[in-house]
Each structure stands twice: as C-alpha cells, then as structure tokens.
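The values are calculated or read from the model by the stated rules, or taken from the named source; none is laboratory data. This one's a predicted model, so the numbers in the text were calculated from it and none came from an experiment. Note that we place each Cβ from the backbone using ideal geometry, even for glycine, and neighbour counts take in every protein chain shown.
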Amino acid sequence: MSEQKNGPADGALLDVSGIETSYGLSRVLFGVSLKVRPGEMVSLLGRNGMGKTTTVRSIMGLTRATAGAIRFAGADIRTLPSYRIAKLGIGLVPEGRQVFPNLTARENLIATAANRTGAAAPWTLDKVFALFPRLAARAGSMANLLSGGEQQMLAIGRALMTNPRLLILDEATEGLAPLIRDEIWRCLAALRAGGQAILVIDKNVDALTRIADRHTIIERGRVVWTGSSAELTAAADVQHRYLGI
C-alpha cells in the first residue's frame with residue numbers, strides 16, 4: 001500500500017478519516033479514509049457490495065457515519081443534513097442517474113442552477129451543451145425519453161449547474177455503450193484538466209488510470225490499498241485480488 005501524504009493542513013478539499021457506517025445493526029464501513037485535493041481526480045474502487053456507495057452516502061449525509069470525521073473545505077460535515085452539504089459545494093451524480101423524468105433536459109439543468117460558492121465563471125446551459133453536444137440536440141426532450149447515456153450526461157450536467165467545488169460520480173459509466181462511455185471519460189478528463197475536483201466510482205480501471213491522479217480500493221468496508229495511477233497499473237496482483245481483473 002502506498003502511503004498517503006499528510007502535510008500540515010494537507011490541502012485536502014475532502015478529508016474522510018476513519019468513518020464507520022451501519023445499516024441498522026449491520027456494520028458496512030470499518031474506518032474508511034480517503035482524500036481529494038483541489039483539482040484532483042480520485043477513484044474509489046472495489047467489487048460490488050464492498051461499501052463504495054455507502055461511502056458516498058456517508059459523505060453526502062444520506063446515511064450518517066457513526067464514527068470518524070468528514071471534513072470539506074475545512075468544515076466538519078459528518079453530522080450535517082444532506083441539503084447543507086450540497087450547498088457547501090458538493091455535486092452528486094448518483095448511481096442510476098435519477099434525473100427528473102417529467103421535465104425536459106433543459107428544465108432538468110435549469111432546476112438545479114445555482115452559484116452558491118461564487119464561482120468566477122459559473123456553469124451555464126451553453127457550457128453544459130458545449131461539453132455534451134448530444135444534450136443540446138435533445139434539450140426539449142423529456143428526460144424519460146433520453147437514452148441511458150444521454151441521461152447520464154444530463155445527470156452530470158445537472159450536477160455541474162450547481163457549480164460544485166467537488167463532483168462525485170457513483171458508477172460513472174455503468175451499463176453504457178462503449179462509444180458513450182468513451183464520451184463520458186473524455187468529458188471527465190476535460191473537467192479535471194479545467195481544475196474540477198472529482199471523486200469517481202467506476203469499474204473501468206484502464207480508463208481511470210489514464211485520467212485519475214490517485215485510487216483507493218475498499219474490500220468489505222475497509223481500505224486495502226491506495227496509490228497513484230502508475231502504482232495501480234504496475235500492481236497486477238492488487239487488481240486481480242481486489243478488483244477481479
């Protein structure tokens with residue numbers, strides 16, 4: 001396991017430290033820790049059912065962590081309600097997309113538009129449509145009539161319209177056609193190049209090691225490995241043991 005750098009303030013935008021989370025009497029997370037620094041893309045990896053989505057739900061306050069610390073931009077957010085966490089500047093693209101089905105693509109984007117963190121160059125409809133040209137062509141279509149890939153683009157665009165300091169994607173490309181997956185990765189790479197901090201869950205290790213800075217692998221609710229893209233690419237044994245590759 002590579003050792004994470006911990007400096008005097010560390011510069012972390014998101015700092016998850018030793019969190020424990022349960023569903024009823026069933027413990028799911030056992031001391032999970034990870035960091036995302038400004039402008040950095042970090043992946044959270046692991047097989048299905050290992051606690052990745054629960055980690056995201058804990059960060060967002062949807063399932064309360066019972067121990068440990070979650071700090072965002074220096075503020076303790078572990079006990080805050082979800083709406084306050086979102087307002088601090090975390091945009092979530094949830095698993096399953098969860099777009100508003102009875103609104104058009106344009107209305108989905110407008111519905112979430114806000115610039116609470118005072119971004120100097122906030123996201124607009126035109127910027128989202130430039131990032132996802134397919135959405136521009138389907139702007140007037142009801143969201144439930146969009147393809148799965150278009151809905152995923154819409155979910156990402158909807159999160160970007162909140163002008164998040166941190167963008168979290170749970171299963172970024174799951175179930176999408178290869179060409180659509182490639183387009184999503186291209187857009188995420190562009191966002192990262194533009195300085196957007198990103199935490200992403202996905203199973204495509206090859207794509208992630210090309211564009212992400214660091215990776216955290218969890219197994220049965222525990223962090224078992226963390227390191228850079230170069231280190232993960234070189235660690236075939238780690239990939240085989242924990243990711244089934």
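Gly227 falls short on exactly one of the conditions (1) closer than 17 Å to Gly91 by Cβ; (2) of a type outside the set (Val, Ile, Thr); (3) over 13 Å from the mean Cα position of the chain (by Cα); (4) assigned to a strand (DSSP E or B), and that condition is (1).
Sub-9 Å Cβ pairs linking a first residue in segment 171-199 that is farther than 16 Å from Ser43 by Cα to a second residue that is basic (Lys, Arg), at least 6 apart or interchain, are Ile180/Arg134; Glu183/Arg134, ordered by first then second residue.
From the residues in segment 165-175 that are at pLDDT below 95 and within 20 Å of Phe129 (Cα to Cα), which one is farthest from the chain's Cα centre (by Cα)? The qualifying residue farthest from the chain's Cα centre (by Cα) is Thr173. If you check Arg186 against the conditions, is it within 30 Å of Thr124 (Cα to Cα), basic (Lys, Arg) and surrounded by fewer than 16 Cβ atoms within 10 Å (Cβ to Cβ)? It is true that Arg186 is within 30 Å of Thr124 (Cα to Cα), basic (Lys, Arg) and surrounded by fewer than 16 Cβ atoms within 10 Å (Cβ to Cβ). Enumerate the pairs (first residue in segment 135-147 and over 12 Å from Leu109 (Cβ atoms); second residue anywhere and loosely packed, with under 13 Cβ neighbours inside 10 Å and not β-branched (Val, Ile, Thr)) with beta-carbon separation below 6 Å, excluding pairs fewer than 6 apart on the same chain, so at least 6 apart or on different chains. From segment 135-147, the pairs are Asn144/Pro101.
Among the conditions (1) buried (at least 19 other Cβ atoms within 10 Å of the Cβ); (2) in contact with a Leu (Cβ under 8 Å, 6 or more places away or on another chain); (3) at negative phi; (4) part of a loop (DSSP other than H, G, I, E, B), Gly61 misses just one, which is (3). On the stretch given as segment 138-163, residues that are touching a Phe, Trp or Tyr at 6+ places or on another chain (Cβ under 9 Å) and farther than 14 Å from Val99 by Cα total 2. Looking across segment 138-147, just one residue is under 15 Å from Ile180 (Cα atoms) and surrounded by 14 or more Cβ atoms within 10 Å (Cβ to Cβ), and that is Leu146.
Looking only at segment 100-137, which residues are surrounded by 20 or more Cβ atoms within 10 Å (Cβ to Cβ) and part of a loop (DSSP other than H, G, I, E, B)? Matches in segment 100-137: Trp123, Phe132.
Would you check if there is a residue in segment 20-35 being touching a Leu at 6+ places or on another chain (Cβ under 9 Å), part of a loop (DSSP other than H, G, I, E, B) and modelled with pLDDT of 95 or more? For segment 20-35, residues touching a Leu at 6+ places or on another chain (Cβ under 9 Å), part of a loop (DSSP other than H, G, I, E, B) and modelled with pLDDT of 95 or more: absent. Of the residues examined, Thr55 is one that is in contact with a Leu (Cβ under 9 Å, 6 or more places away or on another chain) and either surrounded by 13 or more Cβ atoms within 10 Å (Cβ to Cβ) or not small (Gly, Ala, Ser) (or both).
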